[in-house]
Each structure stands twice: as C-alpha cells, then as structure tokens.
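Input: a single structure, listed below in structure tokens.
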Amino acid sequence: MDFLRPAGWEEALAAKAEHPTAVPIAGGTDVMVEINFDHRRPEYLLDLTRVAELAEWEATDRTVRLGAGVPYTRIIEELRTELPGLALAAHTVGSPQIRNRGTVGGNLGAASPAGDAHPALLAAGAEVEVASVRGTRRIPVEEFFTGVKRHVLEPDELIRAVHIRRADGPQQFSKVGTRNAMVIAVCAFAVALHPRTRTVRTGIGSAAPTPVRAREAEEFLGAALDEGGFWDSGAPLDPSVVRRFVELCAGACRPIDDVRGTAAYRRHAVGVMARRTLGWTWEAYREGEGRTAQCA
Amino acid sequence: MAADRTASAPATLTQATGATRGTVGESTPRPDGTLKVTGEFAYSSDLWHEDMLWGFTLRSPYAHAAIRSVDTAEALALPGVYAVMTHDDLPAGTHYGLEIHDQPVLAKDRVRFHGEPVAIVAADHPETARRAAARIAVEYEELPLVVDEATATAPDAPLLHPGRRDHHASHVPHPNIVHRQPIRRGDVAAARARADVVVRRDYEVGMQDQAFLGPESGLAVPAEDGGVDLYIATQWLHVDRDQLAPVLGLPADKVRLTLSGVGGAFGAREDLSMQAHACLLALRTGRPVKIVYNRYESFFGHVHRHPAKLTYEHGATRDGTLLYVQCRIVLDGGAYASSSPAVVGNAASLSIGPYVVGNVDVEAIALYSNNPPCGAMRGFGAVQACFAYEAQMDAVAAELGLDPVEFRQRNAMSQGATMPTGQLVDSPAPVAELLRRVKALPMPPERDWEAAGGPVDVRALPGGLSNTTHGEAVVRGVGYAVGIKNVGFSEGFDDYSTARIRLEVIGGEPVALVHTAMAEVGQGGVTVHTQIARTELGVDRVTLHPADTRVGSAGSTSASRQTYMTGGAVKHACEAVRAEVLRRGRERFGASHPAWAEPERLRLEDGKVVTDGGEVIGDLAGILGDEAIDLEREFRHRPTEPFDLRTGQGFGHVQYSFCAHRAVVEVDTELGLVKVVELAAAQDVGKAINPLSVVGQIHGGSTQGLGLAVMEEIVVSRDGARVRNPSFTDYLIPTILDTPAMPVEVLELADDNAPYGLRGVGEAPTLSSTPAVVAAIRAATGRPLKRVPVRPEHLTGG
Amino acid sequence: MRVNMTVNGRPYEADDVWEGESLLYVLRERLGLPGSKNACEQGECGSCTVRLDGVPVCACLVAAGQAEGSEVVTVEGLADHARQRSGEAAGAVCPGEPEEGHPGTPGTTRHPEPTRPGQVAPLAPVQQAFIDAGAVQCGFCTPGLLVTADELLERNPDPSDADIREALSGNLCRCTGYEKILDAVRLAAARTGEAV
C-alpha cells in the first residue's frame, strides 16, 4: 500500500490520474473502517486532508459551493441558515467525533444508500462538482448514484465540491434509527419547500438501492399547492393532499429486509416521516419562513 | 523508552497498587482510579514485549461443515510468519470446556459454528498475520444445520457431539440436548381445575452479547523452564489454567497466569478465547505472542447470552392468588456446552420468580445447535425467565383487573417462603417492599422536551437527534418488574475463594498486602478488599498484590459472588492474621495488661490493639517488629446440593438477591421508537460494603437490561446460521442518550449467613430492568410484545 | 513510511509505518502511548478519542499518514493540557506555576518517558471528578470519555445535562449506565467554575 499526500488540488488530480485505483480518504470514517476490518486493501490511499481548498465553502445568491472536505460539524455550525436541511442531516451523522471528521464529499464517494447527507441534498437540489486532469463536470445529485455503493465517477475523477441551492423556504430532515444517537439510518426522509420556484422536493434514504427523490409525490404536491393557491394563502394543507403525498412518498421506496429493519417498516416509516416533515415545513412556511421573500 | 523492558515480564504491566482510605460501608474511591484516568492502567491489549509476535486466528466461514483439507504451505512461506498451527500441530490435549470438554482448541475434521477457530498464525505484524491467514487453504463441505429444537431433535438430526460421554449424557432425552432440568412441586392439574383465570403465552428472548469494551486479548511469554507465563484478561485465572495445562501438555505449575487489566467481562470471559492459542504459538516459536481480537472477531470469540423460547401458563383465583405455574424454557446453547448445564439449572430453579406458588411444573433444556455457542452472561438463565414470568404477572393482573404491582405484592415471597425446589428462603426477601419503594418514587415530569419553553428539544424525545418527532404520537407508559437471582455457585459446586494477607511494618507503619486471584473486571472488588483489610486489621495502608495463580483460586468473577466469596476470604484471612497478631502480642506483652488474655475483647484500630473499653494496650508496629505475618486462607460458603434430576428438589442455591424496577418510557407509537425516560430501581444488598460501587452496579446492570429490551440482539441468519451483525454498527448498545436518569433505592437487610450480611449485587438489576421497560412499552402501545428486543416494527405492525 | 507528529507536546517520529495503520495503532504500538483504547475500530465507541489539532476525533479512523505534522493530545497528556489551559486562563493573575522539569511537562525531553506509577502528577479536573464520582469501573471507555468531556468543558464550561449527553453520545460505556459519568462531568464543571 502507498500513501499519497498531495498538498493541493492540482496535485491531487494528477495523483488520481496516475493512480486511478487510488482510494481517496478524507475523514476516514468509511475507508478506515474497511481497512481496519480487512475488507479492503487499496494499492494507494490518496489523502485529501491537506488540500486546503476542499475544506472551504462559499455562498453566492442562489447556491452554496460546499468543498468536499468540509466536516459535518462545520456545516452544523456555519451553514444552518443557508442549508438547514443538510445541517439537520449532518447533526444525525454518527457521533460528535465522526461529525468532526466526516465530510459530504466522503458521503457521496461512499455512495451508501444510507448516507445521511444524500436525502438532504436531493431535497435541497444539488450538483456534484467532479474533476480530473481532463476537466471539470457537474452532475445533478439525483444522477450521481448508480447502485448500492456505486456512483458515476470515472476512475481518474475526484469530488471537488457540491453546489447546493440555498434554502429559500423551510427544510426538514428525519431519520429513523434503532438508537437515540450514533446510528445508521434504517431509513431517512428530507423535504424542502422552494417558494421561489413554487416547488417541493424530497429525498429518501436507505429505502432503495440508491438515495431517491419521490418525484411523483413532489409533482402531486406541487400541483396541489399551486392549484389551491396555497403558496399565496398559506392556508393549512388539506388532509387528503397530505395523505396522497404520504402514499406517494412511501410508494417511491424500494426497500429490502435486512438486519436493520424490514421493508414493510421502512415504507411505513418513510410515510410517517413524510407527513411529519411536510407538516413542520408547511407550518414554518405559514408562519412566515420563506413567505416574506415570496410576497415581496 | 524500551530500556526497562526485560525478557521476563511485560514492562507495561501496571496494576492497581495504590492505596486509598476507607473502611467497610464507605464509598471509598477505587485504588486503580488514578491509573485508569491517566491512561496508565495496563489492559491486556496494552501489553508489549521485546521480540513480541502477533497471533491471528483463521475462523470458519460456515456454521456446519466437514473440513476436507487444510494447506498451510503458502501461509508459512510469507516473510514475517513464524508459525502456522492447525489441529494436527497440537502437542497434547485437543479439547477444553468449563464443565464438559467438548470444544476443540482448533477444529479437526468438522466445524460446528460460524467463526470456529481452524488455524492460528504468529507473525511480526498483525497485518502479516492476517495476510498469512488468508493464504491458508481450507476445503470445506457444508453439512445440514441444526438451528432450533425442531431440527435438533428431528429423527434424522445430525448429532453435534456423537458418542457423548459427559455426565449429562445419560439423563437427557436426546443427544442434542445438553442438559434438562425439570422441577415439580404440588399438583398442577388439580390447581388448574380450581383456577378462575388462566394465561398461557409464548415468549422469546434474542441472543444478547456482553459487548464488553475491551476485546479479548493477552500476551503469552515462553519461560526458560519450558513453561509459559500468560498475562490475560479473564474472569477466573485458575479455571483458565486448569483448561490450558492439558492442552499445552504442561504441569499446572508451569502454566502461570497473571491478571492483566480487564476491560469489562459480564460473563464473556468465563470461557477460554485466545488463551490457548497464544500459549501454543509462544511455545512453538519460543517468542512472546500477543493476540488482540478486534470488535468483529470478538463477536465470534466469546459465548453469548442463550436465546430462549419460553412457554408459560399461570393460573390464579379471582382474588389474585397464584395457584400454579407451568412452563417450558428452551435455551439454545449453540455448538458447545460452555456453561449451558448451569444456565439450565438457574433458568429452571428461578423460573417462576420471587413468588409463592404451591404448584409448579417446570422444564428447562439447553440445545446443542450450529448457532454461536452461548454461556455466561450477567443474569445467567434468570434473565430469560424473568422476562417471561413478569410479562405473565402483568397479563394475569390485567385478566383479574388488578393493579400489577398489587398483584405481585399479594404473591410476593418473603423470608421463610419455600422455593419450587423445596429450598427454604432463610434470609430477608423484601420483594413487596422493593416494589412499594419504586412505585412510591415521584414520577419524572411529562413532556420534558418542552421544558425550556423554547423550541422542541429533540434530544429528550424518542429518536433523539434523528429528529423524527416533535411530540407527535408520543405516548407515555409505565411498567414494573421484580426478579430473583441466585448468588454464588450452586448445585453442590465446591465454591471457595482464597486470600493471602501479609501484615508487616514498613517505614514504621503497619501495611497490609492483600493477595488474591480475584479477577477485577471493573466491578470494584479491589476497592472492597482494601476496605475489608483496613476494617479487619485496623491499618491505614493496604496494598494489593497483582492477581495471579501463585495464590489459591478465587473462583470466578461471576454469579454476583466476588464480594461475598473473595471478600469473605479476605475477611477470613484477616481474622487469622489478627489472631496471630494478638497471639504474638500476648506472648510478648501479655503480662502488661490482663486484656491480652481475652482476645475476643480486643480489636485492631488505627494500628493499635484496643480493648472493648477503648483502652489502647499495644501497637502493631511494636508487636510485629520486623517479622511479617503472612497467611493464606480459603473461604467457603455453606454447601449446596444438586437438584434432583426428576423433581428438581434440592437445597441448590447459597443466597438470593432481589431487585425491582419501575420504567417510564415515551414511545413514538407511529414510528415504534422508544425513549426510556426513567428507570428506577430498588434492591436489597444486605450490606453496602461500598455504597458508590453498589449503585454503580445497579446502574450498569439496569442499562444492560434496557439494552436487551429495546436494541441488543445478535442476529443469526436462519438459512446459514451465520452472525449477521458482528460489529458496533449493527449490534447496538445504549448510548448516554438512550440511558435515562436512574434513581436507586438501596435496602440493607442483613443475610446472617454472609460476610457482613452482604448480598451479591451485580446481576439482579439486569433481570427486572428488561421486563419493566417492556411492560412500560406495552402500557404505552397496547401491544402484547412477547419478544425482546422490541424492534420498531413490533410496535407499528409493519 | 515515516510519520512525524507532536503528541502531548513532544515531538515523535515513527518509522516503518504500514500505510494502512491508523493513528491509534501508531500511538499504542509504536509510540508507547496505549492510553487511547481500541474497542471497535469503526468509530462507534469513542474509546480511542484524541484531540487532533484540537478537534476530538476517533484515532482509529485517522490514517497514520494523515496525522503527519499534526498536534495530538491523548489521555496521557490531558492533565498537562488542562494545566496549560488553566495557566493560560489565569496567566495574567498568577504567572509561572513552576512547570519546568515537572515530570510529564512537554519540552523537557525529546524522548518519551511515561510517568511511572507512584509518581503523583496533578490530574485534570475532569480526571479527578471521574474518580470521585464513581464514573470509572472497568475503565476501558474512560480515556476516550475524558478527552471528549474535557473538550466539552473547554467549549462550554457550564453545560446542561442535555448538552453533556449530546457531547458524550459518541462514547460507549458498558459498565456504568452513564449516571456517574454525568455526575462526574457536572462535578468537573462545578469545580472548574468555582476555581475561576
């Protein structure tokens, strides 16, 4: 095994081009577990913690460009306003120690269906910026995952950043685990209201081979909100609308039975979380969060 | 830094030798506390030795398979590899076991459980050892599986141990049953005919893991005399030695064990794990060998709590009197016997709980199967039964329309009661009082998540930081339970402990040295020993000798027995030393004061000999001079007898221990997530030798019971009998956010048979915690919940 | 490969480090600092918690090479760390606690020499509180808990119970049921508060 320590981004890309089998390591919260448990013996470890630009984020009017190496703790502390859904999700990751090390870039790279950041990214709307010595491309997060622990990266590519839409309305994230802390998701759900575009987006974790959006549910709810004038009136949601949204969210799952939970429970729990998180976000919207901007 | 690392002993072996003040009844701080908070306390995994090699174990990927061939050539060829051993390389004995020697040191032609050791490697780096193990070619042929009672006793069932000749073989109904213990008393059929209410239900307890934090580890150092020194984390040094010597082909005195720092035990260190492997490799290579399991391997390296299927039938009259209990308890012992026979004895004899029932028909069995071997874990057979009988007590109370606590109290045993085994309960048994106490405690505030008045604090809600509810569907429930646990080794076992006390003058001050082989596993036995020595000998300074096999056996740190037994041995040995002090004093100063002639009137206090009138007539320094007193004594509890194999009658247990719990839970009834809000306990401890440690034991035991109630289970695949969750990612134990406030009420009603009147403390709280939490969840959800751990899908029907 | 780092104020160098080794392995097996414990090797127990450039992390999940050039504080250095912190805080008022030459003081030697048992070095407040409150049983989780709790009190000298629970939620303990650990952190906070 060789340990590569690029000092900057260009050097990292060059190293990855030269050693396409190199396994990138940032917080180590996935890679080191695999090495410690002898599940993986990469030829090269590519340490990205020295690449300073990866640990930075910058916000523009509409988006936050989140460096792939920004640890969860900083997201919780620094980006609560811009990225409330992701900050909530970040707060459910592992333990404080893990949140101090783990990164969204690492979460994407591991591409676990249970990755906590994924549903929040899907709901907020995000693009993954990946790069190689050949150039840079941006991949919508919903197109990033191709299967269980698989993604679209080419062997010479590295994740540089995630461009996440700044919240223009309330966002929520919920995750079911069988413990009150330090737990991998049995399933997770994120919802984001986007008053500016009058859309609703969702993200579901750990209930399908990849993180998924409940697109039908989004479209149904979007249409119902539009047609009913809810965005303007801020009226309470019709229970039948909520019910249908919940059904469609649960229907978007393709869960399995495993040691963490049953498929039937996952589907059920996603429905419950969909109802609750929609309730919380809509309540917040009615109370003014995101509406002022909308009315102005 | 390696300068003082010599060849004879690991330089980093640091043990509790510090002196702290405090006598019996005081909350004396731990003598090893400073070492433990500074990181200097040497656990078995911390040991280091010059020229040390690392051992690694190759384990079976199958639960049941024939081994057709093993080829180690490629492993041996790897640079850095010093030895590879298989069954064929064993120098002497090939099997070991706590009671029945049925477990191979390394599998020969057959593996019987997933993870069974097949070969061992010694190399210069752990990674080299792992790579070498991966190069060992083993050809397996899978065999049909035995996974439950039906497959174990089917007409064509494969026999786990064909040709069994152990002492249970002749009385069991099938060779795949390790042991069977019935208990019969009264006339159940007649009682059933009189019952107004009958409740019959099936229950199930999942396989719990001890999940101590310090995985199995130790260091074996070959000695010049051809023997071996083993520095080890274990629960019982002498029983390890007695199993190791025949395997190593060495006389017992050439197998010397020294206790190293132990990172928790809870039963999981009763059986051998890496001990034999490290010693074999050390003797083979002539170099020190260290083996440290990682968490994954640890799940395969020790026995677990027996999973159980239980069927209970309770009958009662309308006024709330229990008439009879009929039950059948099937424990899955897995591939090897371990302590299954004793677990069966406990499960059977404690199967109806701390209640008076005249008519009893009980059968408990343990199976041999291809599931992971199961043996000792805190509570030892009593945990499984308690979950079932306490669920039954709630169910019968509900049928009768009685308050569940009142119903329990009406049937609770007290001193003078008779157990189903016919044994008289001859010391305090304050079962009703313990229940009264937990019930009388104030309730924790409702809706604590709104307490601050600000936004919802999700940390106080089910789901915690996962943000699943802001109060929606959260329902509170309250549940009660009480349990009974035996203390010490039962059923006629010659249970004793040994202590050596040396009293001498150092620097003008009398100093007592306490030397026992007691395994300090965290429980605080070392603290208690200093307190007892201080109390009995009236000295301030007490030091502790490292526990090793150079002194007589202390028995196991299990069965809630060490304060009773080794504490008793320390007391007993101190008494002998005191008698010798007084004899010498009488010899030298007898003429100076008439009280010397009446030693029963004298006590040792503050380094002085004091009369019952408070008069100082001598001092220890003067009496001892430069002649130390050094005495070793054995201590035995009163004898017990085996249970009759047909009726289960017999004076089987030494002492009983009782704990009651009240659990308050809040359940997200839609998602099936549980937050235990408070877990209150009341326990009779006879005498709290160290009140702080007593409460610590009750907290720890309660929390392990909570874990079994809502999250802890080793999941074994039905089709392959493979462990599916051997990691801390998927075997979950409670975090600080899962563990509630735990008020504790301690009663001290002396047992006159026991030293200081004390009662073993460690296990009882583990029993009633689980059923109390589950009862509270039932109260919140209305669901029957016949299985633990309760999973979210059990609460949502999903 | 070779790895250099500063641990508890002293420079260390480890040679022949296998690239797959963790910081935890290097500390324990190469630098003679076994205080940080290996209980799960997957970031699920917190027993190996150390400060890496000030931040509490699981040392088992830091590749050895990632620690190159970093500042590490382990349980072995916690007392010094706390002493320096309180020195800094009270620096203007009471200068110069005579640290030089004190066993365990960083900088007095380039060769690590663990404090021998029997030498009584003053403990960090949180260490003393763990002993006094009965928060130590088997002690295997203790080093990680101490590093985590000490950092919590550094950030938040007067934490609520919920804050303590959240901060310690990554540190498993199997013996105590956590009640006495909560007591210990409260006690350390109270004592530190009184001292200021």
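The values are calculated or read from the model by the stated rules, or taken from the named source; none is laboratory data. Computed from a predicted model, the values in this text were never measured in an experiment. Glycine also receives a Cβ, built like all others from the backbone with ideal geometry; neighbour counts cover every protein chain displayed. Keep in mind that these areas ignore ligands, DNA and RNA; they rest on the heavy atoms of the full protein, side chains included. Shrake-Rupley method; radii C 1.70, N 1.55, O 1.52, S 1.80 Å.
One residue stands out among those in region B:726-739 that are over 14 Å from C:Ser169 (Cβ atoms) and touching a residue at least 40 places away in the same chain (Cβ under 8 Å): the one that is surrounded by the fewest Cβ atoms within 10 Å (Cβ to Cβ), which is B:Ser727. Could you say which residue among B:Gly590, B:Gly552, B:Gly525 is modelled with pLDDT under 95 and either of a type outside the set (S, T, N, Q) or in the same structural domain as B:Lys687 (by TED's automatic domain parsing) (or both)? On inspection, the qualifying residue turns out to be B:Gly590. Looking at region B:151-174, can you tell me whether even one residue there is open to solvent by 60 Å² or more (accessible area, probe 1.4 Å), assigned to a loop (DSSP other than H, G, I, E, B) and assigned by TED's automatic domain parsing to the domain that holds B:Pro61? No, there is no match, as no residue in region B:151-174 is open to solvent by 60 Å² or more (accessible area, probe 1.4 Å), assigned to a loop (DSSP other than H, G, I, E, B) and assigned by TED's automatic domain parsing to the domain that holds B:Pro61.
Where strands (runs of 3 or more DSSP E) fall wholly inside region B:179-252, the ranges with 2 or more residues that are among the charged types (D, E, K, R) and more than 30 Å from B:Met85 (Cα to Cα) are B:197-205. Evaluate the following for B:Asp751: is it open to solvent by less than 20 Å² (accessible area, probe 1.4 Å), of a type in the set (Asp, Glu), touching a helix residue (DSSP H, G or I) at 6+ places or on another chain (Cβ under 6 Å) and farther than 29 Å from C:Asp163 by Cβ? Criteria met by B:Asp751.
Residues that are within 17 Å of the chain's Cα centre (by Cα) and within 11 Å of chain C (Cβ to nearest Cβ) number at least 1 in the following helices (runs of 4 or more DSSP H) confined to region B:684-798: B:691-710, B:764-781. If we scan region A:147-161, do we find a residue that is more than 14 Å from chain B (Cβ to nearest Cβ), closer than 20 Å to A:Val70 by Cβ and of a type in the set (Lys, Arg)? Yes: one or more hits. As a summary of the residue check, B:Ala460 satisfies the conditions (1) over 26 Å from C:Gly177 (Cβ atoms); (2) open to solvent by 10 Å² or more (accessible area, probe 1.4 Å) except for the one numbered (1). Within region B:66-113, the set of residues being farther than 16 Å from B:Met274 by Cβ and touching a Pro at 6+ places or on another chain (Cβ under 7 Å) comprises B:His87, B:Ala92, B:Gly93, B:Thr94, B:His95, B:Glu99, B:Phe113. Consider region B:29-73 and keep the residues that are crowded, with 23+ Cβ neighbours inside 10 Å, assigned to a loop (DSSP other than H, G, I, E, B) and of a type in the set (Phe, Trp, Tyr). The one that is nearest to the other protein chains (Cβ to nearest Cβ) is B:Phe41. Against the numbered list (1) out of contact with any helix residue (DSSP H, G or I) (no Cβ under 6 Å at 6 or more places or on another chain); (2) within 23 Å of A:Thr29 (Cβ to Cβ); (3) open to solvent by less than 40 Å² (accessible area, probe 1.4 Å), A:Ala207 comes up short only at (1). With respect to (1) closer than 17 Å to B:Ile352 by Cα; (2) open to solvent by less than 10 Å² (accessible area, probe 1.4 Å), the lone exception for B:Ala432 is condition (2). Against the conditions (1) more than 26 Å from C:Thr148 (Cβ to Cβ); (2) facing chain C (nearest Cβ under 10 Å); (3) assigned to a helix (DSSP H, G or I), A:Val33 satisfies every one except (1). Within region C:183-196, is there a residue that is within 9 Å of another protein chain (Cβ to nearest Cβ), under 17 Å from the mean Cα position of the chain (by Cα) and modelled with pLDDT of 95 or more? No. Does region B:129-142 contain any residue that is part of a loop (DSSP other than H, G, I, E, B) and among the small types (Gly, Ala, Ser)? No, the conditions are met nowhere in region B:129-142. Within region B:578-623, if we keep just the residues that are in contact with an Asp or Glu (Cβ under 8 Å, 6 or more places away or on another chain) and among the hydrophobic types (A, V, I, L, M, F, W, C), the residue that is nearest to B:Val487 (Cα to Cα) turns out to be B:Leu604.
Residues checked against (1) more than 14 Å from chain C (Cβ to nearest Cβ); (2) under 15 Å from the mean Cα position of the chain (by Cα); (3) modelled with pLDDT of 95 or more:
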site	(1), (2), (3)
A:Pro6	no, no, yes
A:Thr29	no, no, yes
A:Asp38	no, no, no
A:Tyr44	no, no, yes
A:Val70	no, yes, yes
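Does region B:662-682 contain any residue that is hydroxyl-bearing (Ser, Thr, Tyr) and not in a helix (DSSP H, G or I)? Yes - at least one qualifying residue is present in region B:662-682. The number of residues in region A:8-27 being touching a helix residue (DSSP H, G or I) at 6+ places or on another chain (Cβ under 8 Å) and more than 14 Å from every other protein chain (Cβ to nearest Cβ) comes to 2. Selection of first residues in region A:243-257 that are closer than 12 Å to A:Glu218 by Cβ and of a type outside the set (S, T, N, Q) and of second residues that are part of a loop (DSSP other than H, G, I, E, B) and open to solvent by less than 60 Å² (accessible area, probe 1.4 Å), restricted to Cβ pairs under 9 Å at least 6 apart or on distinct chains, gives the following pairs, ordered by first then second residue: A:Phe245/A:Ala214; A:Phe245/A:Leu237; A:Leu248/A:Ala214; A:Cys249/A:Ala214; A:Ala252/A:Ala207; A:Ala252/A:Ala208; A:Ala252/A:Arg213; A:Ala252/A:Ala214. When C:Asp158 is tested against the conditions (1) among the acidic types (Asp, Glu); (2) more than 10 Å from every other protein chain (Cβ to nearest Cβ); (3) free of Cβ contacts under 8 Å to residues at least 24 places away in the same chain, the lone failure is (3).
Every residue, every condition in (1) at pLDDT below 95; (2) open to solvent by 40 Å² or more (accessible area, probe 1.4 Å); (3) within 14 Å of chain A (Cβ to nearest Cβ), yes or no:
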{"position": "B:Ile623", "(1), (2), (3)": "no, no, no"}
{"position": "B:Glu627", "(1), (2), (3)": "no, yes, no"}
{"position": "B:Arg638", "(1), (2), (3)": "no, yes, no"}
{"position": "B:Phe643", "(1), (2), (3)": "no, no, no"}
{"position": "B:Gly650", "(1), (2), (3)": "no, no, no"}
{"position": "B:Ala660", "(1), (2), (3)": "no, no, no"}
{"position": "B:Glu666", "(1), (2), (3)": "no, no, yes"}
{"position": "B:Leu673", "(1), (2), (3)": "no, no, yes"}
{"position": "B:Val676", "(1), (2), (3)": "no, no, yes"}
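Of the residues making up region C:131-155, those that are more than 10 Å from chain B (Cβ to nearest Cβ) and either touching a Ser or Thr at 6+ places or on another chain (Cβ under 6 Å) or open to solvent by less than 10 Å² (accessible area, probe 1.4 Å) (or both) are C:Thr148, C:Ala149, C:Asp150, C:Leu152.
Among the residues of region B:376-394, just one is among the hydrophobic types (A, V, I, L, M, F, W, C) and open to solvent by 10 Å² or more (accessible area, probe 1.4 Å), namely B:Phe380.
When the residues of region A:9-27 are filtered to those that are open to solvent by less than 20 Å² (accessible area, probe 1.4 Å) and closer than 19 Å to A:Pro155 by Cα, the one that is farthest from the chain's Cα centre (by Cα) is A:Ala15. Say we look at region A:175-232 and pick out the residues that are more than 18 Å from A:Ala252 (Cβ to Cβ) and aromatic (Phe, Trp, Tyr); which of these is nearest to the other protein chains (Cβ to nearest Cβ)? Checking each candidate, the answer is A:Phe230.
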